[in-house]
1. Treating the angle as unsigned and between 0 and 90°, give the value, to the nearest 10°, between the Cα long axis of helix 311-326 and the longest Cα principal axis of the chain.
2. Treating the angle as unsigned and between 0 and 90°, give the value, to the nearest 10°, between the Cα long axis of helix 2-13 and the longest Cα principal axis of the chain.
3. Rg and Dmax of region 226-283 over Cα atoms: what are they, in angstrom?
4. Can you tell me the length gained on complete extension of the stretch Arg147 to Ser308, counting 0.36 nm per residue apart and subtracting the Cα distance?
5. Taking only DSSP H segments of four or more residues, each worth -39500 (n - 2.57), what value at 222 nm results for the chain once the sum is divided by all its residues, to the nearest 500 deg cm²/dmol?
6. Counting other beta carbons within 10 Å of each Cβ, put Glu198, Glu446 in order, fewest first.
7. Within a 10 angstrom radius of the beta carbon, how do Phe319, Phe63 rank from fewest other beta carbons to most?
8. Obtain the nm distance between the two label points defined at Gln168 and Val133 by a simple spin-label model: each point lies 7 Å from its Cα along the Cα-to-C-beta direction.
Amino acid sequence: MLLAVVLSLAVAGTPAAADETQDRPVVRVGTEGTYPPFSFERDGELTGYDIEVVRAVAEEAGFEVEFVEAPFDALFASLDSGRVDVIANQVTINPEREARYLFTRPYTYSRGVIVAATDNDDIATLEDIRGKVAAQSETSNWSQVARDAGAEVQAVEQFSQAAALLTQGRVDVVVNDSIAVLDYLASTGSTDVEIKGEVDGEVSRQALVFGQDDQELRDRADEALQRLQDDGTLAAISDDYFGADVSIEDGGDVEVEGSSGGRTTWEVVQDTAGPMAWGVVKGTIPLTIVSFVAGLAIALVVALARMSSLPALRLPAKFYISLIRGTPLLVQLFVIFYGLPQLGIKLPGFPAACVALSLNVGGYAAEIIRSSILSVPRGQFEAATTIGMGYRQTMRRIVLPQASRIAVPPLSNTLLSLIKDTSLASVVLVTEPLREAVKAASVTGEFLPLYCLAALYFWVICFLLSIAQGRLEKKLGRYAT
């Protein structure tokens, strides 16, 4: 019943590709929020060069914008599934993408650079990275550049992670946009890595990306960009961020001050603690409650079906348990959130995460409940039968109360695992503590303190639940015979 409610609310609340008002359609803009200085959060507000450009385009074209933050590798899947209407995240125009998507005119011209450890004198050009290990976002244009040059690509979600791996000596090289690299160096003050050379001196062009069905929307954005170029708005935005005009091919030398704002580690942790706590309240706790309750309901039904003598009930239950336990939760999330829209079923992030987590809990908890029921002595069934109890009455009054006491410890472990599994919900656009930590770390490079803080939040929740579990076991143990 809970799942039915979640699904009905999800279907009713699914937004259209562009929620039309009479004059100003609401356009959902997909962006990372973790790619400074183009798209990042400062003081809890989404900002950056790309963000300011798309806001100016919306104002000029008569749009209202709603930003949807997601990892870069998920942005194109979100566009394909209709969850966003446009991507504004320094997407480079190339033939492969032009065959699948619609691009506006470029609003950024940049150069790719090769970054390696400061003491590495063996890398200066693309020819030198053949056989080397490069850390790249899998779906980025720079990933393909590195792969074409013969490098072995290790996939990461964002540039800050790639830079951290390079600093730690875990990879040999990173190929990326020169502006992003300069911002990283200015923000972190790192002297462990440096720019070794340019990518063959080629200039890459970045533009807004629309789906093939959004020709009219693309055209309005394209015309708006042209007007913003003509009246100097793009040049002014670029100058604010870079001290040069990157909206044209030869706009001068870029200068960046660093997106982190010169904050200390303690200030970064203080600024991020609040949003992470809100992520617990908004994401972790409700996801856990809904998914665990719904998962237990599914598990009870599946466990009873698994024990049935009827093949029509037993075999589907066995298949469901095998399917859930045999596939990763992350894959299940992707199938429900990104795959089902191809069948016309499009759930928002939170309901999709609830469905995936509930089904996952149901698959594991079903075997726990089944084994707990089977652990009740057979004589209990026989005794209930001799005094005239039917199957349902026996299960409700005799068997399930005893089985519940046996099932508490393993089900508590399932609950604790569920709490930690909610951290995966960020891949389906759900705000939770780890996502907030990733956004802050992408700007500041303070990975250790922020990830430790995220771990602390999860540990506190699990610790409190462990105390409650002990008290529940003690209370139920008073009725053990």
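Coordinate-derived values only; no laboratory data. Predicted model only: the values in this text are computed from it and were never measured. Cβ coordinates were reconstructed from backbone atoms using ideal geometry, including for glycine residues, and neighbour counts include every protein chain displayed.
1. Long axis of 311-326 versus the principal axis of the chain: about 40 degrees.
2. 30 degrees
3. For region 226-283, the Cα radius of gyration and maximum Cα-Cα distance read 17.9, 48 Å.
4. Working: separation 161, 0.36 × 161 = 57.96 nm, distance 5.40 nm.
Full-extension gain reported as 52.6 nm.
5. My calculation for the chain gives -17000 deg cm²/dmol from helical runs alone.
6. Sorted ascending by nearby Cβ count, the order is Glu198, Glu446.
7. Numbers: Phe319 10, Phe63 23.
The fewest-first ordering by Cβ neighbours comes to Phe319, Phe63.
8. Once both label points are built, they end up 1.1 nm from each other.
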